[in-house]
Amino acid sequence: MIDSALIEAVKKRLNDAGRVAVLTGAGVSAESGVPTFRGTGGLWKNFRAEELATPGAFARDPELVWQWYNWRRNELKALKPNPAHTAIAAMEEAGSGFRLVTQNVDGLHALAGSKDIVELHGNIWRSRCTGCFEIKENRELPPELSDIELPYCAKEGCGSLLRPDIVWFGEALDQGVLTRALEAIDSAELIFVVGTSAVVQPAASFAMRGKEMGAYVVEVNPGDTPISDYVDTRFQEKAGVVMPLFI
Ligand code: OAD
Ligand code: ZN
């Protein structure tokens with residue numbers, strides 16, 4: 001049962017707040033059919049994300065890592081934003097001083113119409129050259145996901161191996177991206193933390209950092225997380241059910 005008085009109270013805060021930040025994780029895409037990393041269906045060929053999403057794994061076996069990303073890209077290509085993505089896009093539309101910070105790489109927030117998006121971990125629909133660092137949209141998939149053709153940079157004189165434009169475990173976040181995220185967190189009066197297990201840094205610390213800076217923090221997650229006991233309000237429900245209620 002969702003407490004409707006609590007929904008109204010948060011809605012009022014949303015309407016009154018000059019600055020709002022929304023921080024999302026894999027759970028916001030779960031209702032679109034994207035498996036979360038730490039839920040069931042998060043494994044591929046028995047590998048955990050932490051075993052494949054690393055520079056070491058890519059150096060050892062780029063075919064395997066590309067095969068995993070192509071499998072995920074293939075799963076994602078037909079998926080659509082769900083009511084949580086749409087509600088978050090509508091929040092941005094409704095007021096100024098809104099910023100979305102996401103750990104998701106699936107591109108569904110943009111598809112739903114969100115515009116000011118800080119993609120902390122990159123985007124699965126882009127590649128980055130390991131030689132010249134050029135970033136390009138990459139929506140192409142091999143006809144057979146099992147036969148891997150490694151992609152190479154088309155730039156004259158380069159020809160280096162391309163990698164997914166994703167921040168892997170052990171890699172630092174892009175400084176500009178991190179700055180934009182922290183600006184949003186530090187200045188927010190209201191922060192929604194939606195569908196993240198709050199265990200992968202630095203995003204895991206954002207909500208509590210925001211709270212220390214004076215923000216009112218609302219968690220939307222059917223499960224428990226390390227921050228659940230510390231937020232101001234929590235809705236232990238699916239994002240696609242709760243987020244539209246604020247609109
Ligand atoms: P996780 O898979 O760790 O956590 C997903 C969270 O979503 C859990 O807390 C679930 O309880 C919650 N959840 C599930 N269904 C939900 C729903 N319908 N509505 C709301 N919440 C729901 O995913 P992240 O926290 O995003 O990094 O993981 C963080 C990072 O670890 C990812 O960005 C990825 C991963 O490895 C990289 O790929 C670099
Ligand atoms: Zn290149």
Given +1 on the Cβ of Lys and Arg, -1 on the Cβ of Asp and Glu, and no further charges, what dipole in debye does the chain carry about its Cα centre, rounded to the nearest 20?
120 debye
Radius of gyration and Dmax over the Cα atoms of the range 132-247, both given in Å
19.4, 55
Set of lysines near LYS80 by C-alpha distance (under 21 Å), chain-local residues within fewer than 8 positions excluded:
LYS115, LYS238
With all pairs of different alpha carbon atoms counted, what Kirkwood hydrodynamic radius in Å does the chain show?
18.8 Å
In debye to the nearest 20, the charge dipole size for the range 25-79, taken about the Cα centre with +1 at each Lys and Arg Cβ and -1 at each Asp and Glu Cβ, equals 40 debye
Which angle between 0 and 90 degrees, to the nearest 10, do you get for helix 175-187 versus the longest principal axis of the chain when only C-alpha atoms count?
10 degrees
To the nearest 20 Debye, how big is the dipole of the range 140-247 about its Cα centre, given +1 on the beta carbon of each Lys and Arg and -1 on that of each Asp and Glu?
260 debye
Suppose a student asked you for the relative contact order of the chain, using Cα pairs under 8 Å spaced at least 6 residues apart; what percent would you report?
25 percent
Any chance you could run the full-extension gain for LEU43 through ARG209? It's 0.36 nm times the residue separation minus the Cα-Cα distance, nm to one decimal.
56.7 nm
Using R₀ = 22 Å, calculate the FRET efficiency as 1/(1 + (r/R₀)^6) where r is the Cβ-Cβ separation of MET1 and TYR230; round to 0.05.
0.40
Relative to the chain, whose Cα atoms define the longest principal axis, helix 83-94 and its Cα axis are tilted in degrees, nearest 10, by 70 degrees
Quick one: order THR130, THR86, THR40, THR179 by neighbouring beta-carbon count within 10 Å, fewest to most.
THR40, THR179, THR130, THR86
Please enumerate, by chain and number, the aspartates and glutamates with C-alpha under 12 Å from the C-alpha of LYS155, excluding those fewer than 8 residues away in the same chain.
GLU134
Treat the count of other C-beta atoms within 10 Å as a stand-in for reagent exposure and order PHE47, PHE37 from fewest to most.
PHE47, PHE37
Sequence order, the range 48-64: Karplus ³J(HN,Hα) from phi using 6.51 cos²θ - 1.76 cosθ + 1.60, θ = phi - 60°, Hz rounded, Gly and Pro as x, gives 8, 3, 5, 8, 10, 8, 9, x, x, 4, 5, 5, 6, 8, x, 4, 4
What's the center-to-center distance, using Cα atoms, between the range 112-152 and the range 1-30 in Å?
31 Å
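Every read-out reported here was derived from the displayed coordinates using simple, explicitly stated rules and does not represent laboratory data. Keep in mind the model is a prediction, meaning the values are calculated, not measured. We place every Cβ from the backbone using ideal geometry, glycine too, and count neighbours over all the protein chains shown.
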